[in-house]
Structures are given as C-alpha cells and as structure tokens.
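Remarks on the structure that follows.
The values are calculated or read from the model by the stated rules, or taken from the named source; none is laboratory data. Keep in mind that what you see is a predicted model, and the values were worked out from it rather than measured. Positions of Cβ are generated from backbone atoms using ideal geometry, with glycine treated the same way; all protein chains shown enter the neighbour counts.
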Amino acid sequence: MQVHGLHSTSLAATLLVVLHCANCALAQSAPLSSDRPWHSPAERNIETDLRDIPDSRFTIDSAKTYSLPELIDMAEAHNPATRDSWERARAQAAALGVARSELFPILAAVAVSQTTRQQVLFSDRFYSQVIQTFQVELDLNYTLFDFGARTGRINAAKAQLLAANFVFNDTHRQVIYQVQQAYYRLLSSMGQEDAARASLSNAQAVQRAAEQRLAHGLATLPDVLEARSATAQAEYDLQAILGAEEIGRGDLATAVGTSATAVIQVQSLDQIPSRETIGDTVDQVINRALEQRPDLMQQVAEIRSENARVQEARAAYYPALTLNVTPAIPSLYGSQFPYPWSHTADLVGELRFNLQWTVFDGGARKNRLAQAQADVHAAEARANVKRNQIADQVWTAYSNLNTAFRQRQSAVALLQASSQSYNAVLQSYGYGVRNLLDVTAAQRALAQARSADVLARTQVLTAFAELAFRTGDSIRVAGRPRP
C-alpha cells in the first residue's frame, strides 16, 4: 500500500508538471514589466515566418540608363503595393461569386452507417435486437423567391468589387507619383551636385588667385584665409549634396520595388525635356479630374453598395419561400433473437416548402433599414467631401505649376546676371580694382543662382507630375502623359 501511494503521488506530480508546461506553451502572456523590451520564443517564430515570406524585390541592371517611363513600368510590376491592392480586388471578385451562388440550389450528399443494439421488451421477456442501417441521402435546398434580398447582396458585392478595382487603379496612381517624385528629387540632387562642383571650382580659382597675389605682395594673408574658407565651405556643401543624392537613389530604388542599395542609372537633368505651358484652363483640368479620379469613383461605388444594402433591408419586410427536397435510399438489416437476419430497402424522402415571414421583431427591420439609408447619405456626403478636396488639390497644383514657370524664368535671368557679375568681379580683382570680399560675395551669389536654377527646373517637372497625379492623367491607358 505504501509503494502504491508513492506511485500515485509521483504520477500526480508528473501530471501537474505536464499541465503547467502545456499551459506555458499554449498561453500568450503580456510582458512581465514595463522597464525592458519583451522577448520570447514566439518572437523567434515570427522572425522565422518573416524569412519565409517570398521577397518581391528584383535585380536591376546597374549599367543601363533608365528613363522615367521605364522606371514607372518596373514599379507598377514590382512594387508590393500594387500586388496588395490587386490581391484585394481578386478577393472581392471571389466575394461576388459567393453572393451570386445564392441564386443556385445547394445540393449535399450524406452517407450514414449506424448499428443499434438493444434489449426489446415483448410480453414478459426481453429480446436482443440488432439493427444495421446503411443510407445514402441527397439534401437539396433552394430559395424560390425572397423579394430582392439576394439581389441586394449581389449588387452590394458588385459595387464593392468596383470599389476594389478603383482602389487598385488609385494604387497605381500613387505608385507612379511616388516614382516621379523620387526621380525628380534624384535629378535635382544630381543637378545640385554639378552646380556645387562648379562652385567648388570657382572657389579654388579664387583661392589660387589670392595665393598668387600674396606671393607677389599684392594681397594680405587674411585675404588668402578668406579664400581658403570659401573653398572649404564649397567642399562642405558638395559633400552634403552627395549625401542627399545617395538617399535619393535609395528612395527611387525603393519606389521601383527593388532594394534600396540597388544602383539605378538615370538621365541627367539636361536630357529631360520640359513643357512650357499647361495647355488647359483650370476649369478644364478640374472637370477632367472629377471625371477620372479613381478615389472619387470609389466613393460613387460605395454609394451603389449602400443603396444595395437598402434594397436588402427592405426585402426583410416580405416573406421568403424555400424548397427542401430530401430523397434517400436506406438499406436496413435487423436481427431479433431467436429469428434470423432480415433486410429491407426502399426509396424514401421528403418534399417540403417553407414560407417564412417575420411578423414582429421589435423594430429590428425598421432600424436596419434606417441604418442602411443613413449609410447611403453618409456615403454621398463623403463623395461631396472628396469632390471638394479634389477641386482644391487640382487648383493648388495648377497654381504651383504656374508659379514654377515664373520662377524658372527668374532663375534663368538670375543665373545669367550672377555669372556676368562673378566674371567681372574676378577680373577686376586680378587687376587690383576690387577686393577679395567682393569676389567671395559674387562667388556665393553665383553658387546660389546655380542652385536656384536647378531647383527651378526640377520644380517645373515636379509640378507637372503633381498636376497629373491630382487629375488622374497619370493612369490614363491611352496615351497617358508621364511628365
């Protein structure tokens, strides 16, 4: 008895340990405290799952020079955002198929095998009885009519599919704009690099001139130090621009859908043609945006969906008639002591019509209908909000483009004047007519004018891209403009 008791105690302890370990393995607890990060085996499992996710990034030819349309095509094919919205649209198409399936009957097949053994009382004795059942049964259910409930659900699913397709189009619009913005930022950085190198060259020329004049006793040491300081400042500005250019290349690679470390060669700013005029009035541009912006079309599709929900809610006031047909072929085997086994089989079944009509539900149908109608009005209000936002966005982009045109003209004049001023001051300094402070001031003005010229040219390109983004022109299939 004592040995048995020890065995029971050990078994109970083992069970407790097993249950505790199982609880620890299955339960998900919160972090134990707030003073340190949370780490657990579940985190390592997530890291493993992350490594198992297929990588959509692709290899790009680092020796090829890509144009903007080529980069946009690659982004539309490889950016994960377009794949995400595409899969969501496919899922919504499947949801429409589910809704349409309600128009067809449901047919299920059932096979049953059952053995029953019991004692049956007959007169004053119990007799052993065994019944073995084999049965194949078909179950058909079909809604004959429901006064538009299924139609409402189908129409709602159709509208949701339209909305998902418009979201897919809008994702392409977003991706195209993202690539354009990154592309023009990179072009701006490359142009700023050229301008910074030219400014550095000018600063070095001024420094050499100051050192030569000092060697001939025509300049002072502070003049040389000032020239060296200007050269160091130009070198500092160049390094900052080179850093911005590296970031710009990473942003462009990411927008295209490849690794940020990928090297993408692009055309220089001087090789990019730029349009001189818009060609349309602001009213024409706004009207075009209101006709083709996919996010506004999505709002209209949402209104359709909510109207279909109203149709479904109204159908709840009426009865629904369903048909149920259940044919079956049972095969029965039975035995009762002391008689031998017996068998029977036949075609049996059931045909049933079910008319269901909710007479009273405490106002549930009324409130569901009111809710659906309110959702329609809310969707219409959201569409109006979106329409006003689009008009304002297009107006802003249109104004920014006109401003960019004027700034580019001013930047051209500024660069020309600054170049002439710098050359004249440097020549005068060589003749001893002007001092070094005048030269360095003219040099800084020229550097700023070069930077402003590059910025003005890229601003025009960026403003055109923004206008195409705001109007939806960037995703037009036939001859879509890609500034």
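Matching residues to (1) polar (S, T, N, Q); (2) modelled with pLDDT under 95; (3) buried (at least 16 other Cβ atoms within 10 Å of the Cβ):
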position: THR59; (1), (2), (3): yes, yes, no
position: SER67; (1), (2), (3): yes, yes, no
position: ALA94; (1), (2), (3): no, no, no
position: VAL112; (1), (2), (3): no, yes, no
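Here region 310-365 is the region considered, the condition is being among the aromatic types (Phe, Trp, Tyr) and part of a strand (DSSP E or B), and the residue that is surrounded by the most Cβ atoms within 10 Å (Cβ to Cβ) is TYR333. Between LEU426, LEU414, the distinction of being buried (at least 16 other Cβ atoms within 10 Å of the Cβ) and over 53 Å from the mean Cα position of the chain (by Cα) belongs to LEU426 only. Take the conditions assigned to a helix (DSSP H, G or I) and touching a residue at least 40 places away in the same chain (Cβ under 8 Å) and apply them to ALA397. Does it pass? So ALA397 passes the test. Look through GLU276, GLU306 and report the one residue that is among the acidic types (Asp, Glu), assigned to a helix (DSSP H, G or I) and in the same structural domain as ILE154 (by TED's automatic domain parsing). Of GLU276, GLU306, the one residue that is among the acidic types (Asp, Glu), assigned to a helix (DSSP H, G or I) and in the same structural domain as ILE154 (by TED's automatic domain parsing) is GLU306.
Evaluate the following for ARG406: is it assigned to a helix (DSSP H, G or I) and closer than 25 Å to MET190 by Cβ? Yes; evaluated as a whole, the condition is true for this residue. I'm checking my understanding of the structure. Among residues of region 236-271 that are in contact with a strand residue (DSSP E or B) (Cβ under 7 Å, 6 or more places away or on another chain) and not polar (S, T, N, Q), which one is farthest from THR59 (Cα to Cα)? Only one residue fits best here, namely VAL266.
Considering only region 443-483, how many residues are farther than 30 Å from ARG293 by Cβ and either of a type outside the set (Lys, Arg) or modelled with pLDDT of 95 or more (or both)?
Counting residues in region 443-483 that are farther than 30 Å from ARG293 by Cβ and either of a type outside the set (Lys, Arg) or modelled with pLDDT of 95 or more (or both) gives 10.
Among the residues of region 34-63, which ones are more than 22 Å from GLY257 (Cβ to Cβ) and in a loop (DSSP other than H, G, I, E, B)? If the condition is that a residue be more than 22 Å from GLY257 (Cβ to Cβ) and in a loop (DSSP other than H, G, I, E, B), then SER34, ASP35, ARG36, PRO37, TRP38, HIS39, SER40 are the ones that fit.
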